[in-house]
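**Q** Got a structure for you, questions after.
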Amino acid sequence: MRYLASFLLPVTLVVMAVMSSSCVRQAEEEEGLTFHFERADVTASDGTGFAPIRKPGFPTLPAQINEATSDDQIANMAVHVSLAEAADGSLPEGVDVPQRQRDILAFWMPQARYLREFIAENNHRRQSEHEHALAEAEHRRRWQQEHQANMQHWDALIRDEELSVLPLLPPDMEERLIRQAQRPEVQRSRMATRTP
């Protein structure tokens, strides 16, 4: 019974979490509050990066909006768009220019906030990757320097050890041994003639 209770409690919690998230998602979709963005590069080209929302009743977020664009500049763009709509007669029925500007601004501002966060996150990620690459290069350079110093140190120790252990031979010793081996009768040690 104790094992059954320890199994059912996590399963119940997972089911409740899934049901609550689906209910919240359904409520947001009914209110029209969900925004879908594609995340990749910030180039805003088709299929990559930040993709503004397209709704038939509202103009698309202007492409010149970036992380440096202020809220006042976005409000000015909304005024220009609403004035242009009033000039060509495409304003919705019963809506004046200030109301249209507020509607456009309410449609643009969440996207502009998300765009700023998206660009800031990309810049932070690129900066951290750059700093990590610099740190790795510095670490690799220091390791190579230490490795080179260790190799020189050990080579010197090995050379000193060889010079202290090996006997000093004349420089033409190898040539003497070769000439001796090429003679017709190789010199024999006097110990070779002794019999046990």
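**Q** May I ask you to verify whether Ser128 is within 18 Å of Ile65 (Cβ to Cβ), among the polar types (S, T, N, Q) and surrounded by 10 or more Cβ atoms within 10 Å (Cβ to Cβ)?
**A** Here the answer is no, as Ser128 does not meet what is asked.
**Q** Which count do you get for residues in region 80-114 that are hydrophobic (A, V, I, L, M, F, W, C), under 26 Å from Phe50 (Cβ atoms) and open to solvent by less than 50 Å² (accessible area, probe 1.4 Å)?
**A** Here the count works out to 7.
The values are calculated or read from the model by the stated rules, or taken from the named source; none is laboratory data. Remember, predicted model here, so these are calculated numbers, not experimental data. Heads up, the Cβs are rebuilt from the backbone with ideal geometry, glycines too, and the neighbour counts pull from every protein chain shown. Side chains are part of the model used for accessible areas, which takes the heavy atoms of the whole protein and leaves out ligands, DNA and RNA. Shrake-Rupley method; radii C 1.70, N 1.55, O 1.52, S 1.80 Å.
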